[in-house]
Amino acid sequence: LPSQSAFLVFLDQVQDPHNLGAIIRSAHAVGAQGLVVPERESAGLSPAALKASAGAALHLPVCRVANLQKALQKTAELGLAITGLDAEGQQSFTEVDFAQPCALVIGSEGKGLRRMVQKRCDTLIRIPMAENSIGSFNASVAAGIVLYEVFRQRRP
């Protein structure tokens, strides 16, 4: 059984090193235990990503995997609830119980979560926006909003 505090972050093809670094920084700030990124079609821990992480990349384990779907499947088998952040999500991010052992999956800039990654998620969530909004949040901003909700729910 996973620890009650188990919390991982998965990135589905986030390609901008500044977004990667900012997400690492936010994930570390809210107590995530690790970050998982695919080996291909994804930003790596370049000097730009390390700089954007403001040192957090030196403290938060970052794991590169050959197959993100298999990594998510293994995570689910270990008992973590998998929540994907997607513009088409069925429910608001504030309606999910993040106090349980869980993983948050954040999609790429522009494309969001790939269909096969969506299928690995137990729940798809969205960040509600103004009705006349013409776009969506930047990947690292969206990650920060939801990561803080996880932190808020887990605070004693």
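The values are calculated or read from the model by the stated rules, or taken from the named source; none is laboratory data. Predicted model only: the values in this text are computed from it and were never measured. Please note: Cβ atoms are built from the backbone with ideal geometry, for glycine as well, and neighbour counts cover all protein chains shown. When the accessible area is computed, the model is the full protein with side chains, heavy atoms only, and any ligands, DNA or RNA have been set aside. Shrake-Rupley method; radii C 1.70, N 1.55, O 1.52, S 1.80 Å.
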For this session: Can you give me the number of residues within the stretch 109-134 that are under 18 Å from Gln15 (Cβ atoms) and assigned to a loop (DSSP other than H, G, I, E, B)?
Result: 5
For this session: Examine the stretch 88-105 for a residue that is among the acidic types (Asp, Glu) and more than 20 Å from Leu72 (Cβ to Cβ), and state whether such a residue exists.
Result: yes
Problem set entry | Selection from the stretch 114-135 of residues that are within 16 Å of the chain's Cα centre (by Cα) and either under 18 Å from Ser26 (Cβ atoms) or of a type in the set (Val, Ile, Thr) (or both) | Val117, Thr123, Ile125, Ile127
Seminar exercise, completed: Within the stretch 73-108, residues being in a loop (DSSP other than H, G, I, E, B), open to solvent by less than 70 Å² (accessible area, probe 1.4 Å) and touching a Lys or Arg at 6+ places or on another chain (Cβ under 7 Å) number 4
For this session: Give the residue, chosen from Leu20, Leu8, that is assigned to a helix (DSSP H, G or I), in contact with a Leu (Cβ under 8 Å, 6 or more places away or on another chain), among the hydrophobic types (A, V, I, L, M, F, W, C) and buried (at least 20 other Cβ atoms within 10 Å of the Cβ).
Result: Leu20
For this session: Among the residues of the stretch 25-72, count how many are in a strand (DSSP E or B), surrounded by fewer than 14 Cβ atoms within 10 Å (Cβ to Cβ) and touching a helix residue (DSSP H, G or I) at 6+ places or on another chain (Cβ under 6 Å).
Result: 0
